[in-house]
1. Between A37 and L124, take the C-beta separation as r, use R0 = 35 Å, and let me know the FRET efficiency to the nearest 0.05.
2. Let me know the shape class of the range 58-154, please: from the alpha-carbon gyration tensor, a ≥ b ≥ c as square roots of the eigenvalues, rounded when a/c is under 1.5, otherwise prolate if a/b is greater than b/c, or oblate.
3. At 0.36 nm per residue, and after removing the present C-alpha to C-alpha distance, how many nm does the segment from N164 to V117 gain when stretched out fully?
4. Points 7 angstrom from Cα along the Cβ direction at Q67 and Q189: gap in nanometres?
5. Enumerate the calculated ³J(HN,Hα) couplings along the range 95-102 in order (Karplus 6.51 cos²θ - 1.76 cosθ + 1.60, θ = phi - 60°), each rounded to whole Hz, writing x wherever the residue is Gly or Pro.
6. Past the 31 Å Cα-Cα mark, which pairs from K22/K98; K178/K198; K158/K207; K138/K158?
7. Among 37-44, 64-71, what's the highest-first ranking by average C-beta atoms within 10 angstrom per residue?
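No value in this document is a laboratory result; all are computed from the given coordinates. Not measured: the values here are computed from a predicted model. Here Cβ is always computed from backbone atoms with ideal geometry, including for glycine, and neighbour counts include all displayed protein chains.
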Amino acid sequence: TRHDCQTFHVLFFKQNLQGGSKARANTVQNIVEGGVAVMGHVGLTPQAISVIGGFRAQGRTANRARQILDEALRLQDAGCFSIVLECVPSNVASIITKSLEIPTIGIGAGGGTSGQVLVFHDMLGMMSHPHHDQFVPKFCKKYAHVGHSIQHGLREFKADVESNIFPGDEYSPYKMSKGESEAFEALLQQDEEERQRKHDEDAKRLKEVDEYETLNLYGK
């Protein structure tokens, strides 16, 4: 039903809806009429990379550039409050921006858009593995290299956990009063045998249904 459609899109597309086909514009209109603000997204649409053949710049031919302009206009008419322009030539993005009454946000689309956005993992260099450099978009300028600090922090965290330094008393701030602690122990003693029996039964049941444990797939 239309209500179900609106509910679905409230859950999954309330931030950004990619593509500007007539069908997508109809979806946008239904969502907006349902009271949910929608930001459009044209050009490179990552959610559809299997359809467009991968992460490729869009709008580099006149026909495709015109299609993207028409998509943006269609999304505006459908009720989008803003549109992301991703990986399109700067002149195309500028023309689209000038053709719209709503603001545009560019990512890899030159400086002629109303605003700019980058994926913060890329712009802050959060991924420090050498292979990651192969996948950072050409349009992304790195403003930091925090990936190295993140790696250092994760190594320290791992070492502290393995050596039982963390969390320790310092980072275990929530305590029971002595009276409540004693009362809790008394409650546990009331059904200790029953809980132990249930524990043993559950352990046996889970082991029987755990195919990885049963078949020893990993040689353990």
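1. E(calc), rounded to 0.05, equals 0.80.
2. Prolate is the answer for the range 58-154, as a/c is 1.5 or above and a/b outweighs b/c.
3. 12.8 nm
4. Here the modelled spin labels are 7.7 nm apart.
5. 5, 4, 4, 5, 7, 9, 8, 9
6. Listed pairs above 31 Å: K138/K158.
7. 37-44, 64-71
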